[in-house]
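Here the structure comes first, spelled out in structure tokens, and everything after it is commentary.
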Amino acid sequence: MSFPLARNLAAAGWWLFSVYLLLLKPAGAPSAIPHFDKLGHALLFAVWAWLLARSFATRPRPPLRPTLWLCLGWALLSELAQGSLTLTRSAEAGDVVADMAGALIGLYLWRRGQGR
């Protein structure tokens, strides 16, 4: 049984969660582990890409391209917004790289689960 509305709501809800984490929540103290925040970016986008792929999977075409385009768009937009709209955050190209690495991991996991 398929629940496309629930899948769409899950993807939208996760995106709203990312808006909170990336733009609304003040930045905390830096981690003692260098670049640890990149892991958070990758995880955030891996889950979102997986949820998006599940949401798009009800369409006749494979969901890889629209998922990657949405993830890239949000990665770039969120970094620009962090650099210009927040006081405690800055835009970092490394975050976009981590975001897209996470998106690719999420898509890989989604694809792998499709074979079962």
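For A32, are the conditions met, namely being open to solvent by 20 Å² or more (accessible area, probe 1.4 Å) and not polar (S, T, N, Q)?
On the way: open to solvent by 20 Å² or more (accessible area, probe 1.4 Å): yes; not polar (S, T, N, Q): yes.
Taking the combined requirement at face value, the residue satisfies it.
Among R54, R59, which is of a type in the set (K, R), at pLDDT below 90 and over 21 Å from G94 (Cβ atoms)?
Result of the check over R54, R59: R59.
Select from the range 1-53 the residues that are of a type in the set (V, I, T) and either outside any helix (DSSP H, G or I) or over 15 Å from the mean Cα position of the chain (by Cα) (or both) and list them in ascending order.
Scanning the range 1-53 gives a single hit, I33.
Checking T58 against (1) over 11 Å from the mean Cα position of the chain (by Cα); (2) surrounded by 14 or more Cβ atoms within 10 Å (Cβ to Cβ): exactly one of these is not met. Which one?
(2)
May I ask you to verify whether S78 is open to solvent by 80 Å² or more (accessible area, probe 1.4 Å), among the hydroxyl-bearing types (S, T, Y) and assigned to a helix (DSSP H, G or I)?
The answer is no for S78.
Quick one: C71 ticks every box in (1) within 12 Å of D99 (Cα to Cα); (2) modelled with pLDDT under 95 except a single one, so which number is it?
(2)
Which condition breaks for L109 when tested against (1) more than 22 Å from A6 (Cβ to Cβ); (2) of a type in the set (A, V, I, L, M); (3) at pLDDT 95 or above?
It fails just one condition, (1).
Give me a count of the residues in the range 81-97 that are within 15 Å of the chain's Cα centre (by Cα) and not in a helix (DSSP H, G or I).
Selection size over the range 81-97: 0.
Could you grab me the full set of residues in the range 10-30 that are over 27 Å from A57 (Cα atoms) and free of Cβ contacts under 8 Å to residues at least 12 places away in the same chain?
If the condition is that a residue be over 27 Å from A57 (Cα atoms) and free of Cβ contacts under 8 Å to residues at least 12 places away in the same chain, then L24, K25, G28, A29, P30 are the ones that fit.
Among the numbered criteria (1) within 16 Å of S18 (Cβ to Cβ); (2) hydrophobic (A, V, I, L, M, F, W, C); (3) modelled with pLDDT of 95 or more; (4) open to solvent by 10 Å² or more (accessible area, probe 1.4 Å), which one does L104 miss?
(1)
Tell me yes or no: at least one residue of the range 13-22 is of a type in the set (S, T, N, Q), at pLDDT 95 or above and buried (at least 16 other Cβ atoms within 10 Å of the Cβ).
Yes, some residue in the range 13-22 is of a type in the set (S, T, N, Q), at pLDDT 95 or above and buried (at least 16 other Cβ atoms within 10 Å of the Cβ).
The values are calculated or read from the model by the stated rules, or taken from the named source; none is laboratory data. This is a predicted model, so every value here is computed, not measured. All Cβ positions, glycine included, derive from the backbone under ideal geometry; neighbour counts span all protein chains shown. These area figures cover heavy atoms from the full protein model, side chains too; ligands, DNA and RNA do not enter into them. Shrake-Rupley method; radii C 1.70, N 1.55, O 1.52, S 1.80 Å.
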